[in-house]
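A.B. asks: Take this structure, written in structure tokens, and hold onto it; I'll ask about it next.
The values are calculated or read from the model by the stated rules, or taken from the named source; none is laboratory data. Quick caveat: nothing in here was measured; it's all calculated off a predicted structure. Note that each Cβ is placed from the backbone with ideal geometry, even for glycine, and that neighbours are counted across all protein chains shown. These area figures cover heavy atoms from the full protein model, side chains too; ligands, DNA and RNA do not enter into them. Shrake-Rupley method; radii C 1.70, N 1.55, O 1.52, S 1.80 Å.
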Amino acid sequence: MVGATGAVGTVMLSLLDERPDIWGEIRLIASARSAGRRLRVRGEDVEVLTLAPEAFDGVDIAMFDVPDEISARWAPIAAAHGAVAVDNSGAFRMDPDVPLVVPEVNADAVADRPRGIIANPNCTTLSMIVALGALHRAFGLQSLVATSYQAASGAGQAGVDTLYAQLAAVAGDRDLGRNAGDVRKAVGADGLGPFPAPLALNVVPWAGSLKDGGWSSEETKIRNESRKILGLPGLKVSATCVRVPVVTTHAVAVHAWFARPVTADAARAVLRAAPGVAVLDDPAAGEFPTPADVVGTDPTWVGRVRQSLDDPHELALFVCGDNLRKGAALNTLQIAELLVSHDQVRR
Ligand code: 2RA
């Protein structure tokens, strides 16, 4: 496990305690700064090793949770040592020789990996794609409009620290949120952290970096990754990504158009039967998924399922998924488990 001490790595360690024991030796790898630390994995204290070529000697599966540039350099080195590299960065997701895998949607894609690398999708895509994959299989997806409500932890530990610091700065001040710029002043110019505007008492219509045409990288990832995972290169996708003052769990409001007409009841039946999906959809009882209620759980939660009033082919739904679990660590582990169950690692 490369990046064992990061935010996703920490979730990975706790998931390793919960998942079936398919593992032999678990080797923890991180930057030189963290090397030598001891972390608890499946009841054992394991020393963190420095990232170096020899750290991959004898490794069957190397899971990477590190920034793009580190993965770009080191995943091929792991593969050259005979490991299958399962990478959670953006470095390889759109490489045509690297499968982009969500086990509930396109498990078979793990077998075709000419570079010895398998990519894990971005957390925003992962928050909705398990539900959309199930609906696509049943009704034939044709186009998608998605608006995300992304948690601060998507921007890493700095995002979480910034949100808590801002919440502390504004807490209890009932004069705030009444005049333009008052929240910005309260959190201070150096209190914005990785966000371009205050997140406390606010929403910020931006996540990622600027791409052509004014789109953000998060928005183009939703489009490009959904197309690749679903095997729909012509899928029409329009996304708007918004950061909200939530610590962990991304939510997405989805409008999807299908080849066949789809009622809300039919969609709910498909979603209830889909692996990895949980349906919570009783608005009369106030029941629908919210990030604060589902954080720390594994499924993709779906609620507010509605057939469009104007188009029987259009469905509206609201999905929530823990961006650190299914959105990162869990999907990576599921890919590793899939490789083992398909007997696709060397012995
Ligand atoms: C975010 N999806 O939420 C990103 C992290 N990969 O910022």
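A.B. asks: For region 60-94, name all the residues that are surrounded by 17 or more Cβ atoms within 10 Å (Cβ to Cβ), closer than 21 Å to SER34 by Cα and within 15 Å of the ligand (Cβ to nearest atom).
C.D. replies: Selection gives PHE64, ASP65, VAL66, ILE70, SER71, ASP87, ASN88, SER89.
A.B. asks: Which of (1) under 26 Å from the mean Cα position of the chain (by Cα); (2) of a type outside the set (Ser, Thr, Tyr); (3) closer than 20 Å to LEU338 by Cα is the odd one out, the single condition ALA7 does not satisfy?
C.D. replies: Only one criterion is unmet by ALA7, namely (3).
A.B. asks: If you check every pair at least six apart or on different chains, which have Cβ atoms under 7 Å apart with a residue in region 161-185 that is more than 14 Å from VAL246 (Cα to Cα) first and a residue that is among the acidic types (Asp, Glu) and modelled with pLDDT of 95 or more second?
C.D. replies: Every condition considered, the pairs that remain are LEU176/ASP182.
A.B. asks: Only one of (1) open to solvent by 20 Å² or more (accessible area, probe 1.4 Å); (2) touching a strand residue (DSSP E or B) at 6+ places or on another chain (Cβ under 8 Å) fails for ARG325. Which number is that?
C.D. replies: (2)
A.B. asks: For ALA336, are the conditions met, namely being within 14 Å of the chain's Cα centre (by Cα) and crowded, with 19+ Cβ neighbours inside 10 Å?
C.D. replies: no
A.B. asks: Out of the residues in region 111-135 that are touching an Asp or Glu at 6+ places or on another chain (Cβ under 7 Å), free of Cβ contacts under 8 Å to residues at least 60 places away in the same chain and more than 16 Å from the ligand (Cβ to nearest atom), state the one that is least open to solvent (accessible area, probe 1.4 Å).
C.D. replies: Here the answer is ILE117.
A.B. asks: Determine if region 281-300 includes at least one residue that is touching a Phe, Trp or Tyr at 6+ places or on another chain (Cβ under 9 Å), over 26 Å from LEU15 (Cβ atoms), away from the ligand (no atom under 16 Å from the Cβ) and in contact (Cβ under 8 Å) with a residue 40 or more places away in the chain.
C.D. replies: No: zero hits.
A.B. asks: Moving on. Counting only residues that are under 28 Å from the mean Cα position of the chain (by Cα) and part of a loop (DSSP other than H, G, I, E, B), which one in region 307-321 is farthest from GLN142 (Cα to Cα)?
C.D. replies: Here the answer is SER308.
A.B. asks: If I ask for residues that are within 11 Å of the ligand (Cβ to nearest atom), part of a helix (DSSP H, G or I) and among the β-branched types (Val, Ile, Thr), which ones from region 218-265 would you list?
C.D. replies: The answer is ILE222, and nothing else.
A.B. asks: On to the next question. Considering only residues that are open to solvent by 40 Å² or more (accessible area, probe 1.4 Å), touching a residue at least 12 places away in the same chain (Cβ under 8 Å) and out of contact with any Phe, Trp or Tyr (no Cβ under 9 Å at 6 or more places or on another chain), which ones fall in region 241-267?
C.D. replies: PRO245, HIS255, TRP257, THR263
A.B. asks: Which one of these is within 14 Å of THR249 (Cα to Cα) and either near the ligand (Cβ under 10 Å from one of its atoms) or out of contact with any Cys (no Cβ under 6 Å at 6 or more places or on another chain) (or both): ALA155, ALA146, ALA138?
C.D. replies: From the options ALA155, ALA146, ALA138, the qualifying one is ALA155.
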